Amino acid sequence: MIRGVRGATTVIENEEKEIIEATEVLLRKMIEQNRIEANTVASVFISVTEDITAAFPAKAIRLIDGWTFVPIMCMKEVPVPSSLTKCIRVMMHVNTTIPQEEISHVYLGEAVSLRPDLKTSIN
C-alpha cells in the first residue's frame, strides 16, 4: 500500500546553501524515522512558500546515496495570508506495510507549528 509521509522545515534566509541543507536534514530524518528505502518510493512532492526562490530544494535528495532515480517535483505552496513563511514541505509517497497511524511525520524549525497535534514533530 502507498502511504504519504509528511515533513516540513523552515529556513531563515532565501539562500541556496541553506535551502539545500535544511531540505537534506528533513529528508534524512524522514527516511531514518520511517526506515524508507529509495526503491520503495513512488514519488516525492516538495512545495515551497513564495519567498523561497534561490534554489530547488529537490536538489537535496540527489545528495543521498541511492536516490538518483526517485521521481521528484517542486511546486509553490498556496500563498495564504498570515501563513508560515520560508517553509519547505515534503510529501513522500512510499510503498509500505506500516499502518497509517505509525507513520512518523517530521516537522522541524518553525514548521512544528503546522501540526502541533502530531507527537512526531521535532525540533
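Going toward the positive end of the dipole of the chain, with +1 on Lys and Arg Cβ and -1 on Asp and Glu Cβ, which of Cys87, Ala38, Tyr107 do you reach last? The Cα lying farthest towards the positive end belongs to Ala38. Evaluated at q = 0.11 Å⁻¹, the base-10 log of the normalised Debye intensity for the chain, with identical point scatterers placed on the Cα atoms, takes the values -0.33. Note on the chain: Lys pairs 8 or more places apart or on different chains, Cα atoms under 16 Å apart, count 5. For the peptides 78-88, 25-35, the ranking by mean Cβ contacts within 10 Å, running from highest to lowest, is 25-35, 78-88. The chymotrypsin sites (Phe, Trp or Tyr not before Pro) found in region 1-110 that occupy coil by DSSP, while having at most 15 further C-beta atoms within 10 Å, are Phe69. Here the dipole of the chain is about 300 debye; that uses its Cα centre as origin and unit charges on the Cβ of Lys and Arg (positive) and Asp and Glu (negative). Entry note, the chain: the mean residue ellipticity at 222 nm calculated from DSSP H runs of n ≥ 4, each adding -39500 (n - 2.57), is -5500 deg cm²/dmol after division by the residues and rounding to the nearest 500. Rounded to the nearest 10 degrees, the inclination of helix 16-34 to the longest alpha-carbon principal axis of the chain is 30 degrees.
Coordinate-derived values only; no laboratory data. None of the values given here were measured: they were computed from a predicted structure. As a convention, Cβ positions derive from the backbone with ideal geometry for all residues, glycine included, and neighbour counts pool all protein chains shown.
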